[in-house]
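Below: the structure, in structure tokens.
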Amino acid sequence: MAHNKRTYRSRLSRHGFRVKIAQTDLWIEGDKELKPLATTVAMELRHQLELYLKRHKGFAESLLPIQPLSGAPEIVKRMCIASKAANVGPMAAVAGTIAQMVGERLKLKASEGAVENGGDVFLWGEGNRKVGILSSDPSLPKELALEVKVGGGLGICTSSAKIGHSLSLGEAHAVTVVSSNASLADAWATALANMIKDEGSVEKVIKLAQEIPNIKGVVAIASGKIGAWGELKLTTW
């Protein structure tokens, strides 16, 4: 996943559209008639967040949970709740939060769909869906994916020390977290990836994930070792 070229999107459904607002770059699976609404919602969220960052100095840079100011918008409140649960900075939850909040608005118009934001995904609809896991580990299949039962809504978020531009303090090739709360999935993906220092950390992270409230599943990859737990099935594309 390069910073500017999201080549992994070549694997996504062609039945969708892109919405790009500043640093927010979304791929949305669904009817293109939803694009005006998706664009409006994404613009609203970006505007709310940018105004708040100007007001709350140090919020964007904090690597620890931080209390939101009085009158903070919903996007900020969700980020702060998730970051407190995972003991990471609030910006660790921004991509998942935006994906879910856009998806929640689109869900009122479409019975199924997906919003992907920098590799973090919010899905809704019936039945099972496959979601690819992008890992730079050469010992693992390039077509690695997980299969999940979507239901009313599901967040699937990934953190990596090897791919992408997001800050990671560990050595994980990828840690993917599944939760009905995409903000929480995003924050915990960062927190768990920070704990991966070598292949021996994989088992510890998997065991820890089983004790985390509202987490439905996790996949952790490091140095050729992969661990998985929860309401998911490892598969390939």
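Just so you know, all these numbers are worked out from the coordinates, no wet-lab data involved. Computed from a predicted model, the values in this text were never measured in an experiment. As a convention, Cβ positions derive from the backbone with ideal geometry for all residues, glycine included, and neighbour counts pool all protein chains shown.
Would you mind checking which residues have amide H under 5 Å from GLU171's amide H? H placed 1.01 Å from N; only 5 or more apart, or other chain.
For GLU171, the qualifying residues are ILE196, LYS197.
Using θ = phi - 60° and the Karplus relation 6.51 cos²θ - 1.76 cosθ + 1.60, list the HN-Hα couplings for the range 73-81 in order, rounded to whole Hz, with x at every Gly or Pro.
Listing the rounded values in order: x, 4, 4, 5, 4, 5, 4, 5, 4 Hz.
Calculate for the chain the 222 nm mean residue ellipticity that helices alone would give, adding -39,500 (n - 2.57) per DSSP H run of length 4 or more and normalising by residue count, nearest 500 deg cm²/dmol.
Values: 5 runs with 71 residues, N = 237.
Counting only the DSSP helices, I get -9500 deg cm²/dmol.
Dipole size in debye (nearest 20) for the range 7-236 around its Cα centre, Lys and Arg Cβ +1, Asp and Glu Cβ -1?
Approximately 340 debye in magnitude.
Going by amide H atoms built from the backbone, whose H comes under 5 Å of the H on ASP25, apart from near neighbours?
Distant-sequence amide H within range of ASP25: GLY118.
Stokes-Einstein diffusion coefficient for the chain at 10 °C in a medium of 1.306 mPa s, Rh from the Kirkwood formula over Cα pairs: what value in µm²/s?
90
Which order, highest average first, do 216-227, 119-130 follow once you tally other Cβ atoms within 10 Å for each residue and take the mean per peptide?
Result, highest mean Cβ count within 10 Å first: 216-227, 119-130.
Skipping prolines and chain starts, which residues have an amide H placed within reach, meaning under 5 Å, of the one on GLY16, given they are 5 or more residues away or on another chain?
Counting only residues 5 or more places away or on other chains, the set is GLY30.
Just list whichever of LYS77/LYS233; LYS20/LYS142; LYS84/LYS216 have alpha carbons separated by over 21 Å in the model shown. Walk me through the numbers on the way to the answer.
On the way: LYS77/LYS233 32 Å; LYS20/LYS142 27 Å; LYS84/LYS216 19 Å.
Check vs 21 Å cut-off fails for LYS77/LYS233; LYS20/LYS142.
GLN48 to ARG18: extension gain in nm, 0.36 nm per residue of separation minus the Cα-Cα distance?
Working: separation 30, 0.36 × 30 = 10.80 nm, distance 2.08 nm.
Result: 8.7 nm gained on full extension.
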